[in-house]
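Right, one structure below, let's go through it.
Derivation of every value follows stated rules applied to the coordinates shown; laboratory data play no part. As the structure is a computational prediction, the values presented were derived from the model and not from experiment. Here the Cβ positions follow ideal geometry from the backbone for every residue, glycine too, while neighbour counts run over all protein chains shown.
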């Protein structure tokens, strides 16, 4: 077996299936470029057959990415596979990932197919996919709950047809580590041609065991590919966290004995970018990328770290991209210093005009906030792009009045298709009044599912990052806004979400694996 662990990132496919995490075409390309900087081996760019929009996103990523393999998911049928093959045409390195359910429950209740029909469809799908690429991955959906005898029969056949990667999916997060590891090892030992394919793990986090199951599949089962997402994004409780599984293997190389090609200093930029685009805030105590991941509150811990960092830190914060010197710029800083800091942070803007616009926003922020941190710059770039979007609405100005004993009042100015609108409203608080003001004109009929406020840095001067999750007609979207004024950030977030609700929807999600 290889001593390298292949990292397969599915943030753009499985991660996007989180309710409200849908991304625009441009946002997907931005994340893909950051994943390439992270040196991810395989980027699952999407499900090309789901919609024309998904097809175009997969195609754009396939053409933009040079150093990572670009992959598209496809159900085990000719239409899905041909769409994936078309979208990947022109890629430097391409993979088709096809799947079909193999558990008795899924075959009977969902597919309504016999085991023999599933066997034949899986085999023919891999054969059909070979006309587009020799790099083919096959996944038995709900594999961890499938009958081992039947699974051996299917997997032996698809390897014989040319599948080069076999991914044993724990689709519903039902597995437990030792059992899952032994399950994969048993399959590899029983299947005569198992050595002709790389074995992979894809674990969901319904029981909080996705990372543990993945590591067991690697250590006990002999898997050499791990499927994961940035910030553990994914359906239901999410997927295996890329940052956690990668740092576990790197930190405990003495135990796993594996190399990983990831540039770990790009983990934090990737985490911030995905969080900013999707609106899914990273919890403070999240391993590796949470705000408290390298914080020490206990006096005993602080004393130990000051004497010898290794007493309470098993890895260095800067190794995963946390900045050692966080205060970087102020209102006297010039454009060249700002541009240089963008480069140091790995932030790429499309043009000089985009740099100039970002610098203007930076100067505006610096007039209101004396110290600008790296986190502020990430939020300023990601947040503004998310707020502006491509939709009809854009924030212009806000005035609000709130006094004890009186009902808060807000006056919001925003543009609608380039024309300024002035709206006023009252509410139980300043944010409620702001939302009512916007809705008095827009009348979106959307339901607010989530209102979340997160401080980007420390102190009362900190920018606030607000996430608004809206639902309408079964569609769920997230809007994100940042500003030192929380009420302004809320207005930006609400308008951002409304823009997403207005965008055309073609997407039909793939069945998860």
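Worth a mention:
- Its residues counted as N, region 174-325 yields a C-alpha radius of gyration over 2.2 N^0.38 Å of 1.16.
- Relative contact order of region 390-513: 19 percent, from C-alpha pairs under 8 Å at least 6 residues apart in sequence.
- Using alpha carbons only, the radius of gyration of region 4-278 set against its Kirkwood radius gives Rg/Rh = 0.94.
- Among 342, 233, 63, sorting on how many other beta-carbon atoms sit within 10 Å of each Cβ, with the fewest leading, yields 63, 342, 233.
- Projected area, mean over directions - region 1-149, Cα convex hull, nm²: 9.8
- For the pair residue 307 and residue 110, label points projected 7 Å from Cα toward Cβ lie 5.4 nm apart.
- Proxy reagent accessibility, fewest Cβ within 10 Å first, across 253, 28, 219: 253, 219, 28
- Considering only alpha-carbon pairs that sit under 8 angstrom and 6 or more positions apart, the relative contact order computed for the chain is 13 percent.
- Rg in Å to one decimal, and Dmax rounded to a whole Å, for region 77-179 via C-alpha atoms: 13.8, 41
- Potential lengthening of the chain between residue 402 and residue 89 amounts to 106.9 nm, from the contour at 0.36 nm per residue minus the alpha-carbon distance.
- Neighbour-count order for 70, 487, 413, fewest beta carbons within 10 angstrom listed first: 413, 487, 70
- Length added when fully stretched, residue 449-residue 337, from 0.36 nm per residue minus Cα-Cα: 36.3 nm
- If the chain linking residue 283 and residue 424 were pulled fully straight, counting 0.36 nm for each residue of separation and taking away their Cα-Cα distance, it would gain 47.3 nm.
- Reduced Cα scattering model of the chain, Debye log10 I(q)/I(0), q = 0.08, 0.09, 0.12 Å⁻¹: -0.53, -0.67, -1.11
- A compact globular protein would have a Cα radius of gyration near 2.2 N^0.38 Å; the ratio found for region 166-216 is 1.12.
- Sum of -39500 (n - 2.57) over DSSP H runs of 4+, divided by residues of the chain (222 nm, nearest 500): -12000 deg cm²/dmol
- The relative contact order of region 4-278, computed from alpha carbon pairs under 8 Å that lie at least 6 residues apart in sequence, is 21 percent.
- If you wrap the Cα atoms of region 210-274 in a convex hull and average its projected area over all directions, you get 4.5 nm².
- Shape call, region 436-489: gyration tensor on alpha carbons, a/c limit 1.5: oblate
- Cα-based shape type of region 386-502, given that a ≥ b ≥ c are square roots of the gyration tensor eigenvalues and the cut on a/c is 1.5: rounded
- Once both labels are positioned 7 Å from their Cα atoms along Cα-to-Cβ, the gap between residue 350 and residue 189 label points is 5.5 nm.
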